[in-house]
1. Towards the positive end of the charge dipole of the chain, with charges on Cβ (+1 Lys, Arg; -1 Asp, Glu), say which of Ala21, Gln36, Gln48 has the farthest Cα.
2. Using a Cα distance threshold of under 18 Å, what count of lysine pairs results for the chain when pairs must be 8 or more residues apart or interchain?
3. Rounded to the nearest 20 debye, what is the charge dipole size of the range 1-61 about its Cα centre when +1 sits on each Lys and Arg Cβ and -1 on each Asp and Glu Cβ?
4. On alpha-carbon atoms, Rg over Rh for the chain using Kirkwood Rh?
5. By how many degrees, 0 to 90 and rounded to 10, does the Cα axis of helix 27-66 deviate from the longest principal axis of the chain?
6. Could you check the spin-label model distance between Ser27 and Lys3? Points 7 Å from the Cα along Cα→Cβ, value in nm.
Amino acid sequence: MAKKTKVNELPDFEKDSVTHAVINTNSSAFSARRDQLQKLKDKDGEIQQMKSDIEELKKIIKKLGSK
């Protein structure tokens, strides 16, 4: 089994001696970051939906203006 050692400069991180991977052991920070990324993704989706709605409204207005 791989031995893990604490990273001196980063108290919430450990380094795997076999793979040399740095692992975050602070699960609450990990969850908070995951939530933050999901909120950004949701916000981007909402913005894209608003853009498509605006384009649809533009088309409707152009049709009404040409009559």
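Just so you know, all these numbers are worked out from the coordinates, no wet-lab data involved. Please read these numbers as outputs of a predicted model, since none were measured by experiment. Positions of Cβ are generated from backbone atoms using ideal geometry, with glycine treated the same way; all protein chains shown enter the neighbour counts.
1. Gln48
2. Lysine pairs meeting the criterion: 9.
3. Values: 12 positive and 11 negative charges, 38 e Å.
Magnitude of the dipole: close to 180 debye.
4. On the way: Rg = 24.1 Å, Rh = 16.1 Å.
Looking at the chain, the ratio lands at 1.49.
5. Helix 27-66 and the main axis of the chain meet at about 10 degrees.
6. Placing both labels 7 Å beyond Cα along the Cβ direction yields 2.6 nm.
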